[in-house]
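Reading through the structure tokens given below for one structure.
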Amino acid sequence: MKITFPHLGNTYICVKPLLDELNIDCIIPPFNNREALELGTRHAPECCCLPLKINIGNYLQAYKKGADTILMAGGCGPCRFGYYCELQREILEDMGIDMKIIVLEAPYGNVWELVRRIVKLTGAFNLPKIIWAFKNASRIAISVDKLEKLCFKIRPRELNKGETDGVYKKFRTEALSVKGFRGMEKHIAKTFDELNSIKMNKSIEPLKIGIVGEIYTTVDSNTNFNIEARLGNLGIQVDRSVTVSGWIVEHMIKKALPLPRDMEFAKAAYPYLGAMIGGHARETVGNTVLYAKNNYDGIIQIYPLTCMPEIVAESILPAVEKDYDIPVMTLIIDEMTGEAGYMTRVEAFADLLESRRNKNTGQKAGFDLTLRSGNI
Ligand code: SF4
């Protein structure tokens, strides 16, 4: 059995050592790229959401490299993610691609069914080892998210422009060949040291933008045209509350066990959206409120075209914008999105935030116009 799994940002950095430790051969698809999107777009129904199309591209690219089994997370609820497994199975079948799909979920809260699927994957019933492996994979995911947040902080302050990007890119590429938890922990620790040695101008107070929206398009930098790094290189500090580790720990593990979850975003969203409507719509609304309360300068919402939960969130955000006096911009991504137009909107939004800060406080935010995408 040769396992593959779809990309979702840095998920591969915790899934690969997990599979290594469980002695499962895995084939990681190439990082998300134009070819994966084009392959998926060719074979998936037109109105499917973008993540499904890229997933199909990932599977086909991994299949070419010898993968025969797909490992994916499952979901239920009022959005299309619950249908991803069946839909993907049918698309691959129609193409004559012989790949099995194992879905990691506890259907209707049935944790034993989840254990049965993991045993099918590992080929042996060794519960302590399985628990140990999943605990360590979650720890790795948490560390990688911390590392990513450190990059968000350093980029706008670094003295040698591009240094953070260099370290982070090397970290991601080298992670592909690191084996096991111990190897990955060392790799992460080394990267923390490298990032902490980058020289910064600590006196500047950069503009702060909160990124909210659908998880795939916010977390996956290859899909969102690397927006977080590009804003950082413009001299803007970003933050994103929805993370890979949050999804694994809060959404998958705590929900399956079941354990109490951190619902601060839901409380913040409640006056505007009182129920779970699928995807991350409540997180989008709630985190926008929380960023506004924490004095962020603006919010960017990102989502794939036709994403139902985010369309609802988008219709609510003008009320939050008005109540908290915080500018919100929405970016919608699909296979037709052009990078130049997308970045022009991002830069125009940053200009607006800069002039608002000047007007309101008389302060310059240090937003660097010479680093616009056209000049980098
Ligand atoms: S959250 Fe949106 S993009 Fe993600 S599966 Fe649901 S409908 Fe599709």
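The values are calculated or read from the model by the stated rules, or taken from the named source; none is laboratory data. Note that this is a predicted model, so its numbers are computed, not measured. Methodologically, a virtual Cβ is constructed for each residue, glycine included, from the backbone with ideal geometry; neighbour enumeration extends over all protein chains shown.
Here are some notes:
- If you go through the stretch 256-292 and keep only what is among the basic types (Lys, Arg) and under 23 Å from Ala73 (Cβ atoms), you end up with Arg261, Arg282.
- Selection within the stretch 41-64 - without any contact (Cβ under 8 Å) to a residue 60 or more places away in the chain, more than 11 Å from the ligand (Cβ to nearest atom) and either more than 16 Å from Ile101 (Cβ to Cβ) or not aliphatic (A, V, I, L, M) (or both): Arg42, His43, Pro45, Glu46, Gly57, Asn58, Tyr59, Gln61, Tyr63, Lys64
- Condition met for Val178 (within 16 Å of the ligand (Cβ to nearest atom), crowded, with 17+ Cβ neighbours inside 10 Å, in contact (Cβ under 8 Å) with a residue 12 or more places away in the chain and in a loop (DSSP other than H, G, I, E, B)): no
- Matching residues in the stretch 19-35 - criterion: being away from the ligand (no atom under 16 Å from the Cβ), under 19 Å from the mean Cα position of the chain (by Cα) and not basic (Lys, Arg): Ile28, Pro29, Pro30, Phe31, Asn33
- Scanning the stretch 1-27 for residues that are polar (S, T, N, Q), surrounded by fewer than 23 Cβ atoms within 10 Å (Cβ to Cβ) and in a loop (DSSP other than H, G, I, E, B) yields a total of 1.
- Search result, residues across the stretch 190-221 that are within 16 Å of the ligand (Cβ to nearest atom) and either among the hydrophobic types (A, V, I, L, M, F, W, C) or not assigned by TED's automatic domain parsing to the domain that holds Glu310 (or both): Ile211, Val212, Ile215, Val219
- Out of Leu71, Leu60, one residue alone is buried (at least 20 other Cβ atoms within 10 Å of the Cβ) and either in contact with a Ser or Thr (Cβ under 9 Å, 6 or more places away or on another chain) or assigned by TED's automatic domain parsing to the domain that holds His280 (or both). It is Leu71.
- Single residue of the stretch 106-138 satisfying the filter (free of Cβ contacts under 8 Å to residues at least 60 places away in the same chain and charged (D, E, K, R)) that is surrounded by the most Cβ atoms within 10 Å (Cβ to Cβ): Arg117
- Check on Thr217, outside any helix (DSSP H, G or I), under 23 Å from Val15 (Cβ atoms) and among the β-branched types (Val, Ile, Thr): no
- Scanning the stretch 223-240 for residues that are surrounded by fewer than 22 Cβ atoms within 10 Å (Cβ to Cβ) and either within 16 Å of the ligand (Cβ to nearest atom) or among the charged types (D, E, K, R) (or both) turns up just one, Asp239.
- The set of residues from the stretch 241-272 being assigned to a loop (DSSP other than H, G, I, E, B) and surrounded by 22 or more Cβ atoms within 10 Å (Cβ to Cβ) comprises just one member, Thr243.
- Residue in the stretch 73-82 that is within 16 Å of the ligand (Cβ to nearest atom), touching a residue at least 24 places away in the same chain (Cβ under 8 Å), closer than 21 Å to Asn222 by Cα and touching a Gly at 6+ places or on another chain (Cβ under 9 Å) present: yes
- Candidates are the residues of the stretch 273-327 that are within 19 Å of Gln237 (Cα to Cα) and within 16 Å of the ligand (Cβ to nearest atom); the one that is surrounded by the most Cβ atoms within 10 Å (Cβ to Cβ) is Thr284.
- Inspection of the stretch 14-22 finds no residue satisfying the criterion of being without any contact (Cβ under 8 Å) to a residue 40 or more places away in the chain and charged (D, E, K, R).
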